[in-house]
Amino acid sequence: MILFFDTSTPNGILALGQQDRCITFSHWKAEHSHSQLLPPYIDTALQELPNGISELTHITVGIGPGSFTGLRVALATAKGLAIARNIPLVAIPSPTVFATLCQATTDYAACCLDAFRGEIYLGIYKMQSGIPVLQNDIASLTPKVAAMQIAALNGSITVTGTGYDRYRDQFPSSVIPGNTHYDKAAAVSILKFATQSIQNNKTHQPAELHPYYVRDAEAVEKQKR
Amino acid sequence: MILAFESSCDETAVAILAPPRQLRASLVASQHEIHIPFGGVVPELAARRHMEVIVPLYQDALVEAGITLDDVTGIAATCKPGLIGALLVGLSFAKSLAMGRNLPFIGVNHIEGHLNAVHLEHDDVPYPHLGVVVSGGHTEFYIVKGFADYQLLGATRDDAAGEAFDKVAKLLNLGYPGGPIVDKRAALGNPKAIRFSLPKMSESSKFGIGKYDVSFSGLKTAVALWVKQNDITDQPLSADTINDLVASFQYTAVEILMRSVSQIVTDHNLPAVVVSGGVAANSALRKAMTDWGIQHNVRTYFPSMKLCVDNAAMIAYVGSQYLARGVTSNWDLNATASGAVGILT
Ligand SMILES: Nc1ncnc2c1ncn2[C@@H]1O[C@H](COP(=O)(O)OP(=O)(O)OP(=O)(O)O)[C@@H](O)[C@H]1O
């Protein structure tokens, strides 16, 4: 049984299940308090399992980029659970999480997460049998540059994410807004993605997995300038 | 066995305690050097470092204690006060470890940890007593009536005591952290060489009981002013003059603390004083307090150095005491930047 969660953005997400079965799915809004909300959501979800937490085989976690604090809450929580249960971790970049959740039926999907300071984190994906396959190095860019990269793609494209929501007017009008009304089908898509990662042996031990920050701390960036 | 985590500032710490006071492991990973180029703690860098070291440090602590997670019966973590991003690493990890093992969990106030560190080394501390917390971030006076029963009587109105030591050291380019350096240099100087006056405290304060409050910013300014008047460019201050200057500063800083201590102990007729926090390492404070205690028949306690600075052993102790009383925290416990001692939320 796989437990998945992502708190890289204000949209917290949790799913419990495996392959194409989703047992529970929750999502919530939190600007600064994922640490308050995530553990109770996990606790409630695990109560849906007849044998409780002992049924867990993997923890899958969105590792970023995104809110630095949000990433650490997710990662620290994932590590604690993995160590307590002696089970491995599966890491999914957060833009991949949201690209998966919107279940694009277009040739491409792009996820733009709000990176603040006038930038977004961009992930571009080729959709292959419903699974997004990352095409670029996820980086923080201005919405303008991101929009240009998206406009250069050849084929239909779905765009999603908090960065797209914020800078929508800067993107080409030809793109299709991704579905953000996440339901159990969306949860199944992410559980499938996790199952596939596990089948491909893409698992980690708790000590070796780190947040995918992409950006340095602001103080370090300032010092470099 | 109680497992505890501390990550409120720039030290990651893990401890394992066999209650009530047998410490099986107490590891501290300091990140001082990371912050030196920035001249102070950078919260984001602190949080990143905590994230890197928490799992290996936890694993080392189990090895040092010679136990496995199976032997742990409760988990504690600092939840306030401190840097939120830093606190959240230890807190989130601790909560999920506890949840994963169905173990009781308790969030602990860092200051309450300082106030209780003494019990790890002494089983004869009388109640009520005066608890003095003097560190880089705090300078507070409490009447401790029993475990989890604290009454705040006074605090600094501006800089913390350790902060004053650090700022004076910085002003004189003596290095960082300033406390231990000032302490060493002061030992070579004459504490009466320069006379700095004690601050006058008005009766009102944010705590309503102004008379026990302290202030260090006036002293810091007086030192700066003295330097300005005496540090003439073609004649830099000699090493001897600096020794005299820091000795005089330290003498006054200790006087400031001792004034409140003696007032509180007298007014409330307390049999003992417990001093904790990084500044409790200061040799002049230790001597002044000990001498004063002998003279006034008041017992004085200083936890050993490793328990005065930030550590998880004190968090384990407080956690174990709450857990033994059946007090636990909920999974929705959040980290907070500030927070009064003894109130659990
Ligand atoms: N011998 C000494 N004399 C004076 N001050 C000292 C001495 N040794 C350490 N300090 C001071 O103690 C402080 C560090 O103590 P500690 O680690 O308890 O505090 P902190 O982590 O800054 O704050 P807090 O515990 O309130 O979060 C520094 O300000 C340091 O200069």
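Read the figures in this text as sums done on the coordinates, not as results from a lab. This one's a predicted model, so the numbers in the text were calculated from it and none came from an experiment. Positions of Cβ are backbone-derived with ideal geometry, glycine not excepted, and every protein chain shown enters the neighbour counts.
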Response to the item:
Listed with the fewest Cβ neighbours within 10 Å leading, B:His50, A:His204, B:His138 appear as A:His204, B:His138, B:His50
Discussion item. Quick check on the exposure proxy: order A:Ser8, A:Ser129 from fewest to most C-beta atoms within 10 angstrom.
Written reply: A:Ser129, A:Ser8
Worksheet, complete the sentence: P(r) over all Cα-Cα pairs of segment B:127-302, 10 Å bins from 0 to the longest distance, whole percent per bin, short to long, reads 10, 39, 33, 14, 3, 0
Practice prompt. Starting from segment B:275-344, pick out the trypsin sites (Lys or Arg not before Pro) whose DSSP state is loop and whose Cβ has at most 14 other Cβ atoms within 10 Å.
Written response: B:Arg325
Fill in: Cut-off of 10 Å, at most 15 other beta carbons, DSSP loop: longest stretch of chain B lacking such GluC sites (Glu not before Pro)
B:204-345
Practice prompt. Return the percentage of antiparallel bridges among DSSP beta bridges fully within segment A:104-177, rounded to the nearest 5 %.
Written response: 70 percent
Worksheet, complete the sentence: Interchain or sequence-distant (5+) residues whose placed amide H lies within less than 5 Å of the amide H of A:Thr60 are A:Leu3, A:Phe4, A:Phe5, A:Val90
Fill in: For residues of A:201-211, the mean tally of beta carbons on other chains within 10 Å
2
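If you take each beta carbon of peptide A:33-39 and count the beta carbons of other chains within 10 angstrom, what is the mean? Let's see the in-between values first.
Details: counts 3, 3, 13, 6, 3, 5, 11.
That works out to 6 on average.
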Response to the item:
Dividing the helical contributions, -39500 (n - 2.57) per DSSP H run of n ≥ 4, by the residues of chain A yields a 222 nm value, nearest 500 deg cm²/dmol, of -10500 deg cm²/dmol
Worksheet item: Taking +1 at the Cβ of each Lys and Arg and -1 at the Cβ of each Asp and Glu, which of B:Asn282, B:Phe249, B:Val261 sits farthest along the dipole of segment B:223-324 towards its positive end, judged by Cα position relative to the Cα centre?
Response: B:Val261
Worksheet item: Using unit Cβ charges (K, R positive; D, E negative) and no other charged atoms, how large, in debye to the nearest 20, is the dipole of segment A:104-177 about its Cα centre?
Response: 40 debye
Practice prompt. Please list, or write none, the lysines whose alpha carbon is within less than 16 Å of the alpha carbon of B:Lys211, excluding same-chain residues fewer than 8 places away.
Written response: B:Lys200
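Beyond 16 Å, how much of the Cα-Cα pair distribution for segment B:184-268 remains, as a whole percent? Each step should come with its number before you reach the end.
Numbers: 2098 of 3570 pairs.
Pairs farther apart than 16 Å: 59 percent.
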Worksheet item: Which value, in debye to the nearest 20, gives the size of the charge dipole of segment B:127-302 about its Cα centre, when Lys and Arg are +1 and Asp and Glu are -1 at the Cβ?
Response: 160 debye
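Quick one, can you get me the convex hull of the C-alpha atoms of segment B:1-148 expressed as volume per residue in Å³? Walk me through the numbers on the way to the answer.
Values: hull volume 15.9 nm³, N = 148.
In segment B:1-148, the Cα convex hull volume per residue is 107 Å³.
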Discussion item. Can you give the FRET efficiency to the nearest 0.05 for B:Lys184 and A:Lys222, using r as the Cβ-Cβ distance and R₀ = 30 Å?
Written reply: 0.35
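At 222 nm, what value in deg cm²/dmol follows for chain B if DSSP H runs of at least 4 each add -39500 (n - 2.57) and the sum is divided by all its residues, to the nearest 500?
Values: 11 runs with 146 residues, N = 345.
Computed mean residue ellipticity for chain B: -13500 deg cm²/dmol.
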Discussion item. With Kirkwood's inverse mean 1/r over C-alpha pairs for Rh, give me the Rg to Rh ratio of segment A:44-165, two decimals please.
Written reply: 1.05
Item to complete: Kindly state, as a whole number, the per residue volume in cubic angstrom of the convex hull around the alpha carbon atoms of chain B.
Response: 131 Å³
Item to complete: Express in nm, to one decimal, how much length is gained between B:Asp240 and B:Lys287 on full extension, taking 0.36 nm for each residue of separation and deducting their alpha carbon distance.
Response: 14.7 nm
Discussion item. Using alpha carbons only, how many angstrom separate the centre of segment A:1-49 from the centre of segment B:139-155?
Written reply: 40 Å
Worksheet item: Which residue, A:Ala151, A:Ala99, A:Ala186, tops the fluctuation ranking in a GNM of chain A built on C-alpha contacts under 10 Å?
Response: A:Ala151
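Contact order normalised by length for segment A:99-225, with contacts defined as Cα pairs under 8 Å and 6 or more residues apart; what percent is it? It would help to have the intermediate numbers written out before the result.
Values: 185 pairs, mean separation 34.2, N = 127.
With pairs under 8 Å counted, the relative contact order is 27 percent.
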Response to the item:
Given 10 °C, 1.306 mPa s and a Kirkwood radius over Cα pairs, the Stokes-Einstein diffusion coefficient of segment A:133-194 in µm²/s is 120 µm²/s
Discussion item. Restricting to DSSP loop positions (anything but H, G, I, E, B) with no more than 11 other Cβ atoms inside 10 Å of their own Cβ, which trypsin sites (Lys or Arg not before Pro) remain in segment B:153-257?
Written reply: B:Lys192, B:Arg195, B:Lys200, B:Lys206
Item to complete: Please report Rg over Rh for segment B:257-345, where both radii come from the alpha carbon positions and Rh follows the Kirkwood definition.
Response: 1.06
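Over all distinct Cα pairs, what is the inverse of the mean 1/r for segment B:106-197, reported as the Kirkwood hydrodynamic radius in Å? Walk me through the numbers before you get to the answer.
Values: mean 1/r = 0.0651 Å⁻¹.
After inverting the mean inverse Cα-Cα distance, the result is 15.4 Å.
Considering the convex hull of the alpha carbon atoms of segment A:167-218, report its projected area averaged over all viewing directions, in nm², one decimal.
Numbers: hull surface 28.3 nm².
Result: a mean projected hull area of 7.1 nm².
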Item to complete: Go through B:Lys167/B:Lys192; A:Lys29/A:Lys144; A:Lys192/B:Lys95; A:Lys126/A:Lys202; A:Lys79/A:Lys202; B:Lys228/B:Lys287 and tell me which ones have a Cα-Cα distance over 25 Å in this structure.
Response: A:Lys29/A:Lys144; A:Lys192/B:Lys95; B:Lys228/B:Lys287
Discussion item. I want the antiparallel fraction of DSSP beta bridges within segment A:1-77, as a percent rounded to 5.
Written reply: 75 percent
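Shielding of A:53-63 by partners, i.e. mean partner chain Cβ atoms within 10 Å per residue? Please report the intermediate quantities before stating the final value.
Values: counts 4, 1, 0, 1, 0, 0, 2, 0, 0, 0, 0.
Rounded to a whole number, the mean comes out at 1.
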Worksheet item: So for A:His181, A:His32, B:His110, fewest C-beta neighbours within 10 Å to most, what's the order?
Response: A:His181, A:His32, B:His110
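Kindly work out what percent of the DSSP beta bridges joining two residues of chain B are antiparallel, to the nearest 5. Let's see the in-between values first.
Details: 26 of 43 bridges.
Roughly 60 percent of the DSSP beta bridges within chain B come out antiparallel.
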Discussion item. I need to check one value: relative contact order of segment B:127-302, counting alpha carbon pairs closer than 8 Å and at least 6 residues apart, in percent.
Written reply: 28 percent
Worksheet item: So which GluC sites (Glu not before Pro) in segment A:25-72 end up in coil per DSSP with only 13 or fewer other C-beta atoms within 10 Å?
Response: A:Glu31, A:Glu48
Worksheet item: Whole-Å semi-axes of chain A's equivalent ellipsoid, largest first, each the root of 5 times a Cα gyration tensor eigenvalue?
Response: 28, 21, 15
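Between A:Thr142 and B:Lys306, how high is the FRET efficiency from 1/(1 + (r/R0)^6) when r is the Cβ-Cβ distance and R₀ = 51 Å? Nearest 0.05. Numbers along the way, then the final one.
On the way: r = 50 Å, r/R0 = 0.97.
Between A:Thr142 and B:Lys306 the formula returns 0.55.
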Worksheet item: Among B:Thr78, B:Thr139, B:Thr266, whose mean-square fluctuation peaks in a Gaussian network model of chain B (Cα, cutoff 10 Å)?
Response: B:Thr266
Worksheet item: What's log10 of I(q)/I(0) for the protein assembly as shown at q = 0.09, 0.10, 0.12 Å⁻¹, Debye sum over Cα points only, no solvent?
Response: -0.75, -0.87, -1.10
